[in-house]
Amino acid sequence: MDRPATVILCGGSSSRMGVDKARLDWNGVCAIDRLVALSHELGIGKVLTAGADHGLPAVLDAAPGAGPCGGILAAAERLRGEGFARALILAVDAPTVAASDIRPLLEAGEPGAAYEGLPLPMVIDLAAVPATMQAQWPLKRLVQTADLAVLPCSEEIRLRLRGANTPQERLRLLADLGPSG
């Protein structure tokens, strides 16, 4: 299929946040719903969660604590089986990402792209997911091994993409973004 699918990584334990990050309220909309709406705004109809079931099509990690690359491996296998060739990978803890942040990644061409210093979000051709990839790989290793383009990242974009792993980081990000963020 020409259009990519979206994979929302949400398999972490949320131990530092203390609650499921996918269900956290971000200015009136929970994180998972914000990312689904973003995907639809970008014209991406297929959305899959990796690591947890949130009422959408989902793949679970092969082993608990497999990490983000474990979720990407499981999602890539499923999406290839459904005829998809490309995926937009989003982190559930960064629901403030905007469509304007994602478009350059989608337009970067083969085999995909990520931002400098921020491996997520990324766009990756599923054929570029290395056969040697292990679930515990750091995301930066995946970006390098798959030879993804690394795009410059402005501070404005970095602010939206940095995500929140603790209640304090979430409050700071909400304050920085203001009521419409």
Inset, instruction - Determine whether residue 120 is closer than 18 Å to residue 39 by Cα, under 14 Å from the mean Cα position of the chain (by Cα) and part of a helix (DSSP H, G or I). - result: no
Legend entry - Unique residue being farther than 19 Å from residue 102 by Cβ, acidic (Asp, Glu), at pLDDT 70 or above and open to solvent by 20 Å² or more (accessible area, probe 1.4 Å) when the list is 33, 53: 53
Legend entry - Unmet criterion (only one of (1) more than 17 Å from residue 8 (Cα to Cα); (2) modelled with pLDDT of 95 or more; (3) part of a helix (DSSP H, G or I)) for residue 106: (1)
Legend entry - the range 21-49 residues that are more than 20 Å from residue 74 (Cα to Cα), paired with ones that are part of a loop (DSSP other than H, G, I, E, B) and of a type in the set (D, E, K, R) (beta carbon under 6 Å, 6 or more apart): 21/93
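Residues 44, 72: which one is open to solvent by less than 60 Å² (accessible area, probe 1.4 Å), closer than 14 Å to residue 92 by Cα and of a type in the set (Val, Ile, Thr)?
Values: 44 fails: closer than 14 Å to residue 92 by Cα.
Of the residues listed, the single one that is open to solvent by less than 60 Å² (accessible area, probe 1.4 Å), closer than 14 Å to residue 92 by Cα and of a type in the set (Val, Ile, Thr) is 72.
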Inset, instruction - Just give me the residues in the range 134-147 being of a type in the set (A, V, I, L, M, F, W, C) and without any contact (Cβ under 8 Å) to a residue 40 or more places away in the chain, in sequence order. - result: 143, 146
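Does residue 111 count as without any contact (Cβ under 8 Å) to a residue 60 or more places away in the chain and touching an Asp or Glu at 6+ places or on another chain (Cβ under 6 Å)?
Values: without any contact (Cβ under 8 Å) to a residue 60 or more places away in the chain: yes; touching an Asp or Glu at 6+ places or on another chain (Cβ under 6 Å): yes.
For residue 111, the condition - without any contact (Cβ under 8 Å) to a residue 60 or more places away in the chain and touching an Asp or Glu at 6+ places or on another chain (Cβ under 6 Å) - is met.
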Inset, instruction - Collect the residues in the range 93-117 that are open to solvent by 20 Å² or more (accessible area, probe 1.4 Å) and within 16 Å of residue 36 (Cβ to Cβ), keeping them in residue-number order. - result: 93, 98
Inset, instruction - Taking the residues in the range 140-155 that are at pLDDT below 95 and open to solvent by less than 100 Å² (accessible area, probe 1.4 Å) as candidates, determine which candidate is nearest to residue 104 (Cα to Cα). - result: 153
Inset, instruction - Search the range 65-85 for residues that are within 16 Å of residue 3 (Cα to Cα) and pair each with any residue that is assigned to a loop (DSSP other than H, G, I, E, B) and among the aliphatic types (A, V, I, L, M) when their beta-carbon atoms are under 8 Å apart and the residues are at least 6 apart or on different chains. - result: 76/129; 83/1; 84/1; 85/1
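The values are calculated or read from the model by the stated rules, or taken from the named source; none is laboratory data. From a predicted model like this one, the values you see are computed outputs, not experimental measurements. With ideal geometry, Cβ positions are generated from the backbone for all residues, glycine too; neighbour counts draw on all protein chains shown. Surface accessibility is based on the protein's heavy atoms, side chains included, excluding ligands, DNA and RNA. Shrake-Rupley method; radii C 1.70, N 1.55, O 1.52, S 1.80 Å.
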